[in-house]
1. Using helices alone, I'd like the mean residue ellipticity at 222 nm for the chain: each DSSP H run of four-plus residues gives -39500 (n - 2.57), total over residue count, nearest 500.
2. What's the FRET efficiency of Lys376 with Glu263 using the Cβ-Cβ distance as r and R₀ = 60 Å, to the nearest 0.05?
3. Going 7 Å from the Cα of Asp55 toward and past its Cβ, which residues in segment 319-349 have a backbone nitrogen under 20 Å from where you end up?
4. With the calculation restricted to Cα positions, what are the radius of gyration and Dmax of segment 67-324 in angstrom?
5. What is the extension gain from Ser288 to Asp216, computed as 0.36 nm multiplied by their sequence separation minus the C-alpha to C-alpha distance, in nm to one decimal?
6. With the radius of gyration and the Kirkwood radius both derived from the Cα set of segment 77-152, what is their ratio Rg to Rh?
7. Which value in nm describes the separation of the simple spin-label points at Ala471 and Ala396, placed 7 Å from the Cα toward the beta carbon?
8. Cross-link list Lys143/Lys327; Lys339/Lys380; Lys97/Lys380; Lys97/Lys339: which exceed 29 angstrom alpha carbon to alpha carbon?
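None of the figures in this text is laboratory data; all of them are computed from the coordinates on show. Keep in mind that what you see is a predicted model, and the values were worked out from it rather than measured. Here the Cβ positions follow ideal geometry from the backbone for every residue, glycine too, while neighbour counts run over all protein chains shown.
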Amino acid sequence: MADRAGRTGRTDGAERAGGAAAGAPPGVAWAPDAAERRDLAVRAAVEQGLVGGADAAPPLVCLLDTAGIRESAAALTEAFAAALPPGTPVLHAFAVKAAPLVPVLRLLAGAGLGCEVASPGELALARAAGVPAGRTVLDSPAKTVAELREALALGIAVNADNRQELERLDALVAAGPPGPPASPIGVRVNPQTGAGAIDALSTATATSKFGIALRDPGAREWLVRAYLDRPWLTRLHTHSGSQGVPLPLIAEGVREVHALAEEINAAAGRRQVDTLDIGGGLPVNFASDAHTPTYAEYVAALRAAVPGLFDGSYGLVTEFGRSLLAKHGLILSRVEYTKTTGGRPIALTHAGVQLATRTVYAPAAWPLRILPYDAKGAPKTGPPVAQDIAGPACFAGDLLATARELPELSPGDLIGVPDTGAYFFTAHYGYNSLPRPAVHGFTTTPGGGVRFALARRAQTLSEIAAEAGAATPDALP
């Protein structure tokens, strides 16, 4: 990782004289890869005052590579399209929790994706982005009657989590218009196939809070009867987890649900279950710029384990989040101060727990790379020095990296934290009332220029005060 972490012996697009296009052969359009686009964006962000050392420049900004997001969406849709018979219904519903930003949802909708939502807030974001109800899926283990009623009224697909929720749906469907509900309705099943490397993100364990446990005594028989008693149940849903869950374990869970669908349909004497929602969970590589595993590899693993999934008998729904966005996000922070404590250099930055909450609290499970840049936004080189990268929050554990070998950082330099486009800066954590930073999407031009578009403006101090009850200071006698 010396080329990305230490920046030693490397020339990249941002350093090419006369702009990036100068690096392309005559007559050939230069198409920068993701790493080149990232370095161009860092330099441009400094030059355009989005971040930097000047008093007027913000000390922190977050960037999204819109070309990279579109590339991921295309890779997902193409991988499934290549494996399925033409005309097979497929909905790729982006997990809104991964990047709850309306412009991101709008961009993905333009690339053909829908939304998977798990709260009234996420549904509001999907609707604000213009995502149609027919391309929206509602999941959550704790849906209220009001949420279910709204979903059925809008025609949004619903995956029931448990028996009691199914009883609520019974009442709502009976009280609705005659005939089957407009919303496709299914049941989430926990295949109980086991945990991945991160327990907190493994949802197919023996005691997971999600879904109906398929291997519990009597559960399978109850599920078959539940479907036979409710002709309007037409879907089955499963999701084995996210980061840390290997492809074979994901595929095993899908195989279990496919077998259950076949059993229900055989008992019904018809194809009552017509759609399988197989969730998401493709892991992301945080160790380098490589995209691995790929969606094509995911599909290949499913085809090997569940060949019947791809014969056109069932429509499919997927719910990917992290794998679509993570590699295309970058945190940029100014190094405010440096010091040495106990013989170890420490760089104090503005990027910490408020943006990379999982890394700070569980660094072994969520390690992040640190990319060093100088004050002008050029990749920084030099002998590697073990140093801590600290955030601004007032507790000792607010560290993005410990004893990380990088060129020695100085005040005014910048650090870049890649792979943070999902579940990091998109979902701010309000520790110390640190304000949410601005988020800009960026695109590169054929000449090596960079254009930025504001996706979310920076939070103001007055907004923080308003959220904290500034309008009612005397409310507590």
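1. The helix contribution divided over the chain gives -8500 deg cm²/dmol.
2. After rounding to 0.05, the efficiency reads 0.40.
3. 334-337
4. In order Rg, Dmax, the Cα atoms of segment 67-324 give 17.2, 55 Å.
5. Going from the current span to full extension adds 21.9 nm.
6. 1.01
7. 4.2
8. Result: Lys143/Lys327; Lys97/Lys380; Lys97/Lys339 exceed 29 Å.
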